[in-house]
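The values are calculated or read from the model by the stated rules, or taken from the named source; none is laboratory data. Quick caveat: nothing in here was measured; it's all calculated off a predicted structure. Cβ placement follows ideal geometry from the backbone for every residue including glycine, while neighbour counts extend to all protein chains displayed. We work out accessible area using only protein heavy atoms, side chains counted, and drop any ligands, DNA or RNA first. Shrake-Rupley method; radii C 1.70, N 1.55, O 1.52, S 1.80 Å.
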Amino acid sequence: MQPPDHRSASHKPGSLIPGRAVFPHRDLTGIDGLQPHEITFLLDEAEQWIEVNRSRAKSERPLDGLTLINAFFENSTRTLLSFEIAGKRMGADVVNMHAAQSSVKKGETLIDTAVTLNAMRADMLVIRHSSSGAVKLIASKVDCPVLNAGDGWHEHPTQALLDALTIRRRRGSVAGQRVVICGDLMHSRVARSNILALTALAAEVRVVAPSTLMPAAIERMGVTPFTDFDAALDGADVVMMLRLQNERMDGGFIPSTREFHLRYGLNSERLRRAKPDALVMHPGPMNRGVEISSAVADHPERSAITEQVEMGVAVRMACLDVLTRRARGVEGWA
Ligand code: ASP
């Protein structure tokens, strides 16, 4: 049996708008600023890499001879590993720079670090940083494409793309899906990028948090805010849970993690309020027993959490491929 074709009808991998690359941006610093068709294009491109990754012979190596530097100024498991695997599977030379072992610890400024990375003639830079806006600043100082792997509270665009791809594949489409995003919305770059991507792709997005963790005027982003998780879950197609970003909190935002779990934790009983086939998602790392119970996180049919990780590699391959097409002289991308 042929696997289903999840690509949108309007795009074929590598397709072009006459006279103009379909993805005209040099960098991927956020979902903000992307047109819906550009987001869809990246998702369509990622489809082909899922199949490549699942096959034994991972032979396509479009990034042969290019150097990818992953500069991570903040901890990471999934994002760093998946960018590394993505780069290597596509033939790039991949170098990882961990801030803990770099001159950043000796007081080097971010701009000096950026200029140094640039002088090494990297072909792609993937940056994670604890300050919102740091990745854009680096992008303005270097000559190669820059991908944001998470900057402070601001954005985590590849996470939003992999989440949208997971939803599209599991639910057939993003448009029209009722997606409930619950947890620490205030400090979550995942929430921000997902809200931008999912609303651009015409999902109905509900956001849920205690009022202390709900950003002011969030409804201006085209979402419906709730403080009552049970009410928000009514008819949900997708439930996306977020970790409490304790490292970004400098005060008492919640009375206790126990209290938070009781009101905002997703367990089997609460999940019954969503549609019977609703999908459960989490970007990881999970705090089991706080925002999500193990029974839900490990549910064989409902949980898409490991699938999100798989989609992460494909999405990052697509982004690295697309952003280097101009430099590689791919026809139509000059
Ligand atoms: N891994 C995600 C991020 O880097 C989510 C999280 O840390 O809670 O933002």
When Phe260 is run through (1) modelled with pLDDT under 95; (2) under 22 Å from Arg128 (Cα atoms), the failure sits at (2)
Evaluation of Thr257 against (1) under 21 Å from the mean Cα position of the chain (by Cα); (2) surrounded by 14 or more Cβ atoms within 10 Å (Cβ to Cβ) (one fails), failing number: (1)
So which of Leu81, Leu63 is within 21 Å of Glu155 (Cα to Cα), modelled with pLDDT of 95 or more and either part of a loop (DSSP other than H, G, I, E, B) or open to solvent by 60 Å² or more (accessible area, probe 1.4 Å) (or both)? Leu81
List the number of the failed condition for Asp184; all other conditions in (1) assigned to a helix (DSSP H, G or I); (2) within 16 Å of the ligand (Cβ to nearest atom) hold. (1)
Keeping to the stretch 288-306, report how many residues are open to solvent by less than 60 Å² (accessible area, probe 1.4 Å), within 16 Å of the ligand (Cβ to nearest atom) and either free of Cβ contacts under 8 Å to residues at least 40 places away in the same chain or under 21 Å from the mean Cα position of the chain (by Cα) (or both). 6
Count of residues meeting criterion [open to solvent by 50 Å² or more (accessible area, probe 1.4 Å) and either assigned to a strand (DSSP E or B) or in contact with a Cys (Cβ under 7 Å, 6 or more places away or on another chain) (or both)] in the stretch 211-254: 2
Within the stretch 321-333, tally of residues that are within 17 Å of Gly87 (Cβ to Cβ), more than 23 Å from the chain's Cα centre (by Cα) and outside any helix (DSSP H, G or I): 0
Meets criteria (within 16 Å of the ligand (Cβ to nearest atom), open to solvent by 10 Å² or more (accessible area, probe 1.4 Å) and of a type outside the set (Gly, Ala, Ser)) for Leu137: no
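Within the bounds of the stretch 8-17, is there any residue that is at pLDDT 95 or above, more than 16 Å from the ligand (Cβ to nearest atom) and not aromatic (Phe, Trp, Tyr)?
Of all residues in the stretch 8-17, those at pLDDT 95 or above come to none.
Checked against the condition, which is being at pLDDT 95 or above, more than 16 Å from the ligand (Cβ to nearest atom) and not aromatic (Phe, Trp, Tyr), the stretch 8-17 yields no hits at all.
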Residue pairs within 7 Å by beta carbon, gap of at least six or interchain, first lying in the stretch 71-90 and under 20 Å from Leu110 (Cβ atoms), second in a helix (DSSP H, G or I), listed first then second, are Ala71/Leu117; Phe72/Leu80; Phe72/Ala99; Phe73/Ala99; Phe73/Val104; Phe83/Arg316
Enumerate the pairs (first residue in the stretch 23-45 and open to solvent by 10 Å² or more (accessible area, probe 1.4 Å); second residue anywhere and of a type in the set (Asp, Glu)) with beta-carbon separation below 9 Å, excluding pairs fewer than 6 apart on the same chain, so at least 6 apart or on different chains. Pro24/Glu38; His25/Glu38; Thr29/Asp151; Thr29/Glu155; Asp32/Glu155
Conditions (1) free of Cβ contacts under 8 Å to residues at least 24 places away in the same chain; (2) within 14 Å of the ligand (Cβ to nearest atom); number of the one not met by Gly152: (1)
On the basis of being among the hydrophobic types (A, V, I, L, M, F, W, C), more than 16 Å from the ligand (Cβ to nearest atom), open to solvent by 10 Å² or more (accessible area, probe 1.4 Å) and not in a loop (DSSP other than H, G, I, E, B), does Ala202 make the cut? no
Considering each of Leu117, Leu165, Leu147, Leu125 in turn, give the residue that is more than 16 Å from the ligand (Cβ to nearest atom) and part of a strand (DSSP E or B). Leu125
Taking the stretch 56-84 and keeping residues within 16 Å of the ligand (Cβ to nearest atom) and touching a helix residue (DSSP H, G or I) at 6+ places or on another chain (Cβ under 8 Å) leaves Asn70, Ala71, Phe72, Phe73, Glu74, Arg78, Thr79, Ser82, Phe83
